[in-house]
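> Please find one structure pasted underneath; my questions will follow.
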There are 2 protein chains.
Amino acid sequence: MIIDVHGHYTTAPRALETWRQRQIAAIGDPQATPRVSELVISDDEIRATIEENQLKQMRQRGSDLTIFSPRASFMAHHIGDFQVSSTWAAICNELCYRVSQLFPDQFVPAAMLPQSPGVAPETCIPELVKCVEEYGAVAINLNPDPSGGHWTSAPLTDRSWYPIYERMVDYDIPAMVHVSTSCNPAFHTTGAHYINADTTAFMQLLQGDLFKDFPKLRFVIPHGGGAAPYHWGRYRGLAQELKKPLLRDHLLGNVFFDTCVYHQPGIDLLARVIPVENILFASEMIGAVRGVDPETGYNYDDTKRYVDAAALTPPQKAQIFAGNAQRVYPRLARVLERKGK
Amino acid sequence: MIIDVHGHYTTAPRALETWRQRQIAAIGDPQATPRVSELVISDDEIRATIEENQLKQMRQRGSDLTIFSPRASFMAHHIGDFQVSSTWAAICNELCYRVSQLFPDQFVPAAMLPQSPGVAPETCIPELVKCVEEYGAVAINLNPDPSGGHWTSAPLTDRSWYPIYERMVDYDIPAMVHVSTSCNPAFHTTGAHYINADTTAFMQLLQGDLFKDFPKLRFVIPHGGGAAPYHWGRYRGLAQELKKPLLRDHLLGNVFFDTCVYHQPGIDLLARVIPVENILFASEMIGAVRGVDPETGYNYDDTKRYVDAAALTPPQKAQIFAGNAQRVYPRLARVLERKGK
């Protein structure tokens, strides 16, 4: 049993992107705004985009279930206002829900939120509620920087985020901390902004005491935790200087890292430094890095191979591949029961 | 022979900070601006702050020579205008020069630049020239984000930086890419902003073709290269998608990483992933992480221990400890000749 906690619908039918372009073009010109009903995507189209892409690779690589959310780089919360984000999030979340209905044994939805720079996070709650209650979402993606690389939001430990956290705790769902496209030319989206956001979020959590207020809140830091595991000594030392408890006590009951690290030495470091119970299998396939690594002959993002080859016992690998995900995403249980697993 | 390429004068006499506070308080009130001559620091004061701190630890740990630049977090290029930065940089650089005169066998200066947000980098050239020609600086610290966490500058591959690069090539000096204090509450200075800047700069260089224009330009990315080595597969894959040459050919003739990674697994990864000739010994002592690691009983930033313990041959360690620094910082030669080494 292998659960991939980090997949996005990067292969959605072209009509989605076309509709979004029309929506963006109409910002400031309400007359030109396309209606949601103008976006028509058939079940067959969805099936084709999944079967030929994610599902094909899941079968080839041997993973069973993907937690599936809208394309991260397309969230683009910095574009338009809350209404623009709200309509867009609803469309994208519904599509992932439809994927999960068409492939109920292989895909479980996670929701993007209709965040917008300068708008209170609590405005996202209706979409969150709908996705959990109606679509069966088992997690959300939370963007710590809806400005798209200008970092104008308060840190994740700020009370403005608390309404989201209260709902997360109520529903017992985790958030993956995931930014979107960078509109700041200093930051390449997947090469700098994503990784920086992971590192930044981890340090925000380290600086604060958020989990005193929310002992059951859980965050997954994607892309192997950004730079955090590589600099684990630095973070242990900074926690010490900030008079925080040991990282294990301060953060590791609530913070988890995925395995989207695209080479063996990176996964080996992750497995060496971070307790096994805090590592969740993921590939972000099909995502930022789609090529074949000439050094191995396999896709960079075929992260299962790296976990397979890491110095871990079979029970430890089982934890990383599935056990931890079941613990961190308890709402997966219904899906797994249905699968008889 | 052990050369530490990354030390800052973090222990300067208190009078320096007091003068700086007066300078900052007087921004917008020229009458109140303190005169440079009002800052009086004696040779004995400098000696004491070095002997009791950096030099003491260099002796204990067994390093011989430190490339020494002004305190990175105090550069604070975002404060005031170019004139404020210019006066401040001149003061800080002169102090490091005086350290190098008082301890000519142990400290060699590297210069900070009087950068200021929105001001053309070429304005920094007179200070650069003075520091190289009069103070014997062997390198500069270049801040890719003088805004202090708002990232308003063009990427390092932009032509606005070229006048600096031309001088670097003329003088055959490298730049360490080093930001300063974050004034953005999203970014903890040493826990997020420093590491993000390293990752960001690396990705900017990956995206561009700067070294086609400047084949001899050299950058040292500090703090072990930010997240880059941990995500080396990601960066190899992104280079491939961007149709760039292999990283070895595209960047590693010009980009080097220091060993400011404060635990054994991090250094082991660095040594496993990055060619030995691209790794330069450094500790950033006395810097961001000053405590003793309870897991080892030694200072987190005692990076020599990690390099000593890494799976490297004695000649490889000699390269990391000194040989590479001599190649990347050729102006060190004069100092080393004087030391008879």
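> Alpha carbon centre of the range B:65-86 versus the range B:119-158: separation in Å?
The range B:65-86 and the range B:119-158 have Cα centres separated by 10 Å.
> May I pose another question? Name the long-range amide H neighbours of B:Val220: under 5 Å, sequence gap of 5 or more, or other chain; modelled H, no Pro or chain starts.
So B:Val220 has HN proximity to B:Ala175, B:Met176, B:Val177, B:Phe256.
> In sequence order, what are the phi-derived ³J(HN,Hα) couplings for the range B:328-333 according to the Karplus relation 6.51 cos²θ - 1.76 cosθ + 1.60 with θ = phi - 60°, rounded to whole Hz, with x for glycine and proline?
7, 10, x, 6, 5, 3
> One decimal, nm, shortest first: give the distances between the label point of A:Asp308 and those of the same position in the other copies, each label point 7 Å from Cα along Cα→Cβ.
So the distances to the same position in the other copies read 4.1 nm.
> List the residues, sorted by chain then number, that are 5 or more residues from B:Phe107 or on another chain and whose placed amide H is less than 5 Å from its amide H.
B:Thr66
> Does anything in the range A:238-270 have its amide N under 20 Å from the 7 Å Cα→Cβ label point of A:Val292, and if so which residues?
Taking a point 7 Å out along Cα→Cβ of A:Val292, the residues of the range A:238-270 whose backbone N falls under 20 Å are A:262-264.
> Using θ = phi - 60° and the Karplus curve 6.51 cos²θ - 1.76 cosθ + 1.60, what whole-Hz ³J(HN,Hα) does each residue of the range B:154-160 get, with Gly and Pro shown as x?
Karplus values, whole Hz, x for Gly and Pro: 5, x, 5, 8, 6, 5, 4.
> For a protection proxy built on the mean count of beta-carbon atoms within 10 angstrom, sort A:9-17, A:101-109 highest first, please.
With the highest mean Cβ count within 10 Å placed first, the list reads A:101-109, A:9-17.
> For A:Arg338, project a label point 7 Å along Cα to C-beta. Then give me every residue of the range A:61-92 with its amide nitrogen under 19 Å of that point.
In the range A:61-92, the label zone of A:Arg338 (backbone N under 19 Å from the point 7 Å along Cα→Cβ) covers A:64-70.
> Let me ask another. Count the lysine pairs in chain B whose Cα atoms lie under 25 Å apart, taking only pairs 8 or more positions apart in sequence or on different chains.
16
> Can you list the distances in nanometres, one decimal and ascending, from the B:Gln101 label point to the identical position in each other copy, with the point 7 Å along Cα to Cβ?
So the distances to the same position in the other copies read 7.9 nm.
> Just checking the output field for A:219-230: average partner chain Cβ neighbours within 10 Å of each residue's Cβ?
The per-residue average across the peptide is 5.
> Taking the Cα centre of the protein assembly as shown as origin, work out the dipole magnitude from +1 charges on Lys and Arg Cβ and -1 charges on Asp and Glu Cβ, in debye rounded to 20.
Roughly 1020 debye for the protein assembly as shown.
> Further, regarding this structure: Using 7 Å Cα-to-Cβ label points, what is the B:Ala120/B:Arg47 separation (nm, one decimal)?
Computed distance between label sites B:Ala120 and B:Arg47 equals 4.6 nm.
> What distance in nm separates the two pseudo spin-label positions at B:Arg14 and A:Arg14, each 7 Å out from Cα along the beta-carbon direction?
Distance between the two pseudo-spin positions: 7.1 nm.
> Here's something else I'd like to know. Using a 10 Å cut-off on Cβ to Cβ distances, tally the other chain neighbours for every residue of A:235-248 and report the average as a whole number.
That average works out to 4.
> Moving on to the next point. Report the local net charge at B:Val289: Lys and Arg +1, Asp and Glu -1, summed over other residues whose C-beta lies under 13 Å from its C-beta.
Local net charge: -2.
> Here's a follow-up. Counting only other chains, and only Cβ atoms inside 10 Å, what mean value do you get across the residues of B:257-268?
Counting other chains' Cβ atoms within 10 Å and averaging over B:257-268 gives 5.
> Which whole-number value in Å³ per residue fits the convex hull of the alpha carbons of chain B?
132 Å³
> Which net charge results when you count Lys and Arg as +1 and Asp and Glu as -1 among the other residues whose beta-carbon is under 13 Å from that of A:Met203?
Net charge in that neighbourhood comes out at +1.
> Rounded to the nearest 500 deg cm²/dmol, what is the calculated helix-only ellipticity per residue at 222 nm for chain B, with -39500 (n - 2.57) per DSSP H run of length n ≥ 4?
That calculation yields -11000 deg cm²/dmol at 222 nm.
> With θ taken as phi - 60° and the coefficients 6.51, -1.76 and 1.60, list the Karplus ³J(HN,Hα) couplings across the range B:102-116 in order, rounded to whole Hz; mark glycine and proline as x.
Computed from phi, the couplings for the range B:102-116 are 6, 10, x, 8, 10, 10, 10, x, 10, 9, 8, 10, x, 5, 8 Hz.
> So, one more: Measuring label to label, 7 Å along Cα→Cβ, what does A:Cys183 give against each other copy in nm, shortest first?
2.4
> Follow-up question, since we're still on this one. Label B:Arg331 and A:Leu252 with points 7 Å out from Cα along Cα→Cβ: what is the distance between them in nm?
Distance between the two pseudo-spin positions: 4.5 nm.
> If amide H atoms are built 1.01 Å from N in the plane of the peptide, which residues on other chains or at least 5 residues away come under 5 Å of the amide H of B:Tyr298?
Excluding prolines and chain starts, which carry no amide H, the hits are B:Asp293.
> Which of B:Val220, B:Val40 has the fewest other C-beta atoms within 10 Å, and how do the rest follow up to the most?
So the ranking, lowest neighbour count to highest, is B:Val40, B:Val220.
Taken together, the values in this text are just the output of simple stated rules run on the coordinates, not laboratory data. Keep in mind that what you see is a predicted model, and the values were worked out from it rather than measured. Reconstructed Cβ throughout: ideal geometry from the backbone, glycine too, with neighbour counts over all protein chains shown.
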